[in-house]
Amino acid sequence: MTLELLFATNNLNKVREAEFVLNKFGISLKTITVSKIEIQSNSLREIAIYAARSAYRAVRRPIIVEDSGLFIDALNGFPGPYSSYVYKTIGLNGILKLLDGVLNRKARFEAVVALAVNENDIYVFEGYVEGYISSEIKGSSGFGFDPIFIPIGCSETFGEMDIAKKTSYSHRGRAFRELGIWLTNNRDKVLIQDKAL
Ligand code: IMP
(Lines give C-alpha, C1' and ligand atoms only; values in the text may rest on other atoms or scores of the structure.)
Protein backbone atom coordinates (compact mmCIF):
# COMPACT_ATOMS: atom_id res chain seq x y z
CA MET A 1 0.00 0.00 0.00
CA THR A 2 1.25 3.47 -0.84
CA LEU A 3 2.00 5.69 2.11
CA GLU A 4 0.95 9.30 1.67
CA LEU A 5 3.00 11.90 3.51
CA LEU A 6 2.36 15.61 3.86
CA PHE A 7 5.08 17.91 2.54
CA ALA A 8 4.92 21.56 3.62
CA THR A 9 6.51 23.65 0.87
CA ASN A 10 5.81 26.33 -1.70
CA ASN A 11 8.43 24.97 -4.09
CA LEU A 12 6.96 22.57 -6.65
CA ASN A 13 10.40 21.71 -8.03
CA LYS A 14 11.35 20.31 -4.64
CA VAL A 15 8.14 18.27 -4.66
CA ARG A 16 8.83 16.81 -8.13
CA GLU A 17 12.33 15.76 -7.12
CA ALA A 18 11.27 14.38 -3.73
CA GLU A 19 8.43 12.39 -5.32
CA PHE A 20 10.73 11.03 -8.00
CA VAL A 21 12.83 9.49 -5.24
CA LEU A 22 10.10 8.50 -2.77
CA ASN A 23 7.80 6.83 -5.32
CA LYS A 24 10.37 4.05 -5.58
CA PHE A 25 9.81 3.41 -1.86
CA GLY A 26 6.01 3.30 -2.25
CA ILE A 27 5.55 6.77 -0.80
CA SER A 28 3.54 9.57 -2.35
CA LEU A 29 3.44 13.19 -1.25
CA LYS A 30 0.61 15.58 -0.66
CA THR A 31 1.79 19.15 -0.82
CA ILE A 32 0.39 21.71 1.53
CA THR A 33 1.31 25.32 1.93
CA VAL A 34 1.20 26.06 5.61
CA SER A 35 2.68 29.33 6.72
CA LYS A 36 5.59 27.64 8.45
CA ILE A 37 7.70 29.80 10.66
CA GLU A 38 11.28 30.10 9.38
CA ILE A 39 13.75 31.17 11.99
CA GLN A 40 16.88 32.99 10.96
CA SER A 41 19.83 30.75 11.59
CA ASN A 42 23.08 29.70 9.98
CA SER A 43 22.10 26.07 10.41
CA LEU A 44 19.81 24.42 7.87
CA ARG A 45 19.22 21.68 10.42
CA GLU A 46 17.97 24.12 13.03
CA ILE A 47 15.73 25.86 10.49
CA ALA A 48 14.27 22.55 9.25
CA ILE A 49 13.56 21.20 12.75
CA TYR A 50 11.87 24.40 13.80
CA ALA A 51 9.80 24.54 10.60
CA ALA A 52 8.76 20.88 10.91
CA ARG A 53 7.53 21.42 14.46
CA SER A 54 5.55 24.51 13.47
CA ALA A 55 4.09 22.73 10.41
CA TYR A 56 3.07 19.81 12.64
CA ARG A 57 1.34 22.21 15.05
CA ALA A 58 -0.67 23.60 12.12
CA VAL A 59 -1.96 20.22 10.86
CA ARG A 60 -1.51 17.79 13.79
CA ARG A 61 -0.42 15.07 11.36
CA PRO A 62 3.01 13.68 10.43
CA ILE A 63 4.59 16.13 8.04
CA ILE A 64 7.91 16.83 6.34
CA VAL A 65 9.72 20.04 5.47
CA GLU A 66 12.96 20.51 3.57
CA ASP A 67 15.50 23.28 3.82
CA SER A 68 18.41 23.56 1.45
CA GLY A 69 21.10 25.90 0.28
CA LEU A 70 24.20 26.48 -1.81
CA PHE A 71 27.47 27.00 0.07
CA ILE A 72 30.32 28.58 -1.92
CA ASP A 73 33.85 28.07 -0.59
CA ALA A 74 35.39 31.30 -1.85
CA LEU A 75 32.49 33.26 -0.31
CA ASN A 76 32.90 31.58 3.11
CA GLY A 77 29.75 29.52 2.62
CA PHE A 78 27.56 32.33 1.30
CA PRO A 79 24.66 32.25 0.39
CA GLY A 80 23.98 29.12 2.53
CA PRO A 81 20.69 29.46 4.41
CA TYR A 82 20.02 32.72 2.52
CA SER A 83 20.08 31.01 -0.90
CA SER A 84 16.45 31.62 -1.70
CA TYR A 85 16.74 35.37 -0.98
CA VAL A 86 20.03 35.67 -2.87
CA TYR A 87 18.57 33.83 -5.88
CA LYS A 88 15.65 36.26 -5.95
CA THR A 89 17.84 39.34 -5.55
CA ILE A 90 21.21 39.02 -7.33
CA GLY A 91 20.39 35.74 -9.12
CA LEU A 92 22.73 33.55 -11.16
CA ASN A 93 24.47 36.49 -12.80
CA GLY A 94 25.11 38.07 -9.42
CA ILE A 95 26.86 34.94 -8.17
CA LEU A 96 28.93 34.66 -11.36
CA LYS A 97 29.93 38.30 -10.94
CA LEU A 98 30.99 37.72 -7.32
CA LEU A 99 33.20 34.87 -8.54
CA ASP A 100 34.61 36.76 -11.52
CA GLY A 101 38.33 35.95 -11.71
CA VAL A 102 38.14 33.65 -8.68
CA LEU A 103 39.97 30.37 -9.27
CA ASN A 104 38.52 28.42 -6.34
CA ARG A 105 35.01 27.63 -7.61
CA LYS A 106 34.25 24.85 -5.14
CA ALA A 107 30.71 24.76 -3.76
CA ARG A 108 28.30 22.37 -2.18
CA PHE A 109 24.56 21.97 -2.00
CA GLU A 110 23.05 20.77 1.25
CA ALA A 111 19.52 19.59 2.02
CA VAL A 112 17.94 18.78 5.34
CA VAL A 113 14.62 16.95 5.46
CA ALA A 114 12.83 17.01 8.81
CA LEU A 115 9.93 14.65 9.49
CA ALA A 116 7.75 15.62 12.44
CA VAL A 117 5.92 12.51 13.57
CA ASN A 118 4.54 14.57 16.43
CA GLU A 119 5.60 17.71 18.24
CA ASN A 120 8.49 16.03 20.03
CA ASP A 121 9.63 13.29 17.65
CA ILE A 122 11.39 14.93 14.75
CA TYR A 123 13.64 12.84 12.51
CA VAL A 124 16.29 14.48 10.35
CA PHE A 125 17.76 13.26 7.03
CA GLU A 126 20.62 15.10 5.39
CA GLY A 127 22.23 15.03 1.98
CA TYR A 128 24.95 16.99 0.30
CA VAL A 129 26.78 17.13 -3.01
CA GLU A 130 30.16 18.68 -3.69
CA GLY A 131 30.85 20.46 -6.95
CA TYR A 132 31.87 23.63 -8.75
CA ILE A 133 30.30 26.88 -9.88
CA SER A 134 30.48 26.98 -13.68
CA SER A 135 31.87 29.98 -15.52
CA GLU A 136 28.59 30.49 -17.39
CA ILE A 137 24.89 29.72 -17.15
CA LYS A 138 24.12 26.38 -18.82
CA GLY A 139 20.86 24.45 -19.19
CA SER A 140 17.25 25.25 -18.41
CA SER A 141 16.11 22.23 -16.39
CA GLY A 142 15.50 22.25 -12.67
CA PHE A 143 15.37 25.47 -10.66
CA GLY A 144 17.36 27.97 -8.66
CA PHE A 145 21.12 27.65 -9.00
CA ASP A 146 20.95 24.47 -11.12
CA PRO A 147 22.32 26.14 -14.30
CA ILE A 148 25.58 27.16 -12.56
CA PHE A 149 26.32 24.07 -10.43
CA ILE A 150 28.44 21.18 -11.74
CA PRO A 151 28.60 18.18 -9.39
CA ILE A 152 32.03 16.68 -8.94
CA GLY A 153 32.85 14.04 -11.57
CA CYS A 154 30.38 15.51 -14.10
CA SER A 155 30.76 17.83 -17.05
CA GLU A 156 27.16 19.07 -17.06
CA THR A 157 25.40 21.49 -14.74
CA PHE A 158 22.29 20.33 -12.87
CA GLY A 159 20.45 22.59 -15.32
CA GLU A 160 21.50 20.31 -18.17
CA MET A 161 20.37 17.10 -16.46
CA ASP A 162 17.00 15.40 -16.39
CA ILE A 163 15.40 14.72 -13.02
CA ALA A 164 16.68 11.12 -12.86
CA LYS A 165 20.28 12.20 -13.36
CA LYS A 166 20.04 15.22 -11.07
CA THR A 167 18.50 13.26 -8.18
CA SER A 168 21.08 10.49 -8.53
CA TYR A 169 23.74 13.05 -7.54
CA SER A 170 21.87 15.75 -5.69
CA HIS A 171 21.72 16.73 -2.03
CA ARG A 172 17.92 16.42 -2.21
CA GLY A 173 18.07 13.00 -3.86
CA ARG A 174 20.36 11.78 -1.11
CA ALA A 175 18.34 13.23 1.78
CA PHE A 176 15.06 11.82 0.43
CA ARG A 177 16.61 8.41 -0.23
CA GLU A 178 17.64 8.38 3.45
CA LEU A 179 14.05 9.22 4.38
CA GLY A 180 12.75 6.47 2.05
CA ILE A 181 15.05 3.89 3.65
CA TRP A 182 14.05 4.99 7.15
CA LEU A 183 10.35 4.82 6.30
CA THR A 184 10.76 1.34 4.84
CA ASN A 185 11.78 0.21 8.32
CA ASN A 186 9.65 2.59 10.38
CA ARG A 187 6.39 2.91 8.47
CA ASP A 188 4.45 2.10 11.65
CA LYS A 189 5.74 5.19 13.43
CA VAL A 190 4.04 7.40 10.85
CA LEU A 191 0.90 5.25 10.40
CA ILE A 192 0.23 4.85 14.13
CA GLN A 193 0.58 8.59 14.71
CA ASP A 194 -1.69 9.33 11.77
CA LYS A 195 -4.37 6.87 12.94
CA ALA A 196 -4.31 8.12 16.51
CA LEU A 197 -5.66 11.49 15.39
P1 IMP B 1 14.67 27.06 0.85
O2 IMP B 1 15.09 25.68 1.19
O3 IMP B 1 13.21 27.16 0.52
O4 IMP B 1 15.13 28.06 1.87
O5 IMP B 1 15.36 27.46 -0.52
C6 IMP B 1 16.62 27.06 -0.83
C7 IMP B 1 17.15 27.81 -2.03
O8 IMP B 1 18.42 27.23 -2.34
C9 IMP B 1 16.30 27.66 -3.29
O10 IMP B 1 15.37 28.71 -3.44
C11 IMP B 1 17.35 27.68 -4.39
O12 IMP B 1 17.67 29.00 -4.72
C13 IMP B 1 18.55 27.02 -3.72
N14 IMP B 1 18.51 25.58 -3.97
C15 IMP B 1 18.24 24.58 -3.09
N16 IMP B 1 18.29 23.38 -3.68
C17 IMP B 1 18.55 23.63 -4.97
C18 IMP B 1 18.69 22.78 -6.08
O19 IMP B 1 18.52 21.56 -6.04
N20 IMP B 1 18.99 23.39 -7.23
C21 IMP B 1 19.15 24.73 -7.34
N22 IMP B 1 19.01 25.58 -6.34
C23 IMP B 1 18.71 25.03 -5.15
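What distance in nm separates the two pseudo spin-label positions at residue 143 and residue 130, each 7 Å out from Cα along the beta-carbon direction?
Result for the modelled spin labels: 2.8 nm.
Could you check which residue among 164, 114, 175 shows the biggest mean-square fluctuation in a GNM of the chain with a 10 Å Cα cutoff?
164
In whole Hz, what ³J(HN,Hα) sequence does the range 89-96 give by Karplus (6.51, -1.76, 1.60; θ = phi - 60°), x for Gly and Pro?
Couplings: 8, 8, x, 5, 5, x, 5, 4 Hz.
I want to check the label-to-label distance for residue 187 and residue 46. Put each point 7 Å from Cα in the C-beta direction and report it in nm to one decimal.
Result: 3.8 nm between the two label points.
Quick one: accessible area per residue over the chain, 1.4 Å probe, rounded to a whole number of Å²? Don't skip to the end; give the middle numbers.
Details: 9870 Å² over 197 residues.
On a per-residue basis, the chain sits at 50 Å².
Residue separation times 0.36 nm, minus the C-alpha to C-alpha distance between residue 85 and residue 32: what's the value? Intermediate values should be presented prior to the final figure.
Working: separation 53, 0.36 × 53 = 19.08 nm, distance 2.15 nm.
Gain on stretching residue 85 to residue 32: 16.9 nm.
If R0 is 25 Å, what FRET efficiency do you get for residue 155 and residue 74 from their C-beta distance, rounded to 0.05?
0.75
Using a 1.4 Å probe on the protein heavy atoms, what percent of the accessible area of the range 102-181 belongs to carbon and sulfur? Walk me through the numbers on the way to the answer.
Values: 1600 of 3360 Å².
Carbon and sulfur atoms account for 48 percent of the accessible area of the range 102-181.
Counting only chymotrypsin sites (Phe, Trp or Tyr not before Pro) that sit in a DSSP loop (anything but H, G, I, E, B) with at most 15 other Cβ atoms within 10 Å, what is the longest stretch of the chain containing none of them?
By the stated rule (loop sites, at most 15 other Cβ atoms within 10 Å), 1-81.
Cross-link list 97/138; 24/138; 30/166: which exceed 25 angstrom alpha carbon to alpha carbon?
From 97/138; 24/138; 30/166, over 25 Å: 24/138.
How would you classify the range 1-134 from its alpha-carbon gyration tensor, with a ≥ b ≥ c the square roots of the eigenvalues: rounded for a/c under 1.5, else prolate if a/b is greater than b/c, otherwise oblate?
Prolate, because a/c is 1.5 or more and a/b exceeds b/c.
The values are calculated or read from the model by the stated rules, or taken from the named source; none is laboratory data. Predicted, not measured: the structure shown is a model, and the values here were computed from it. For neighbour counting, all protein chains shown are included, and Cβ atoms are generated from backbone atoms with ideal geometry for every residue, glycine included. Note: areas computed on protein heavy atoms with side chains; ligands, DNA, RNA excluded. Shrake-Rupley method; radii C 1.70, N 1.55, O 1.52, S 1.80 Å.
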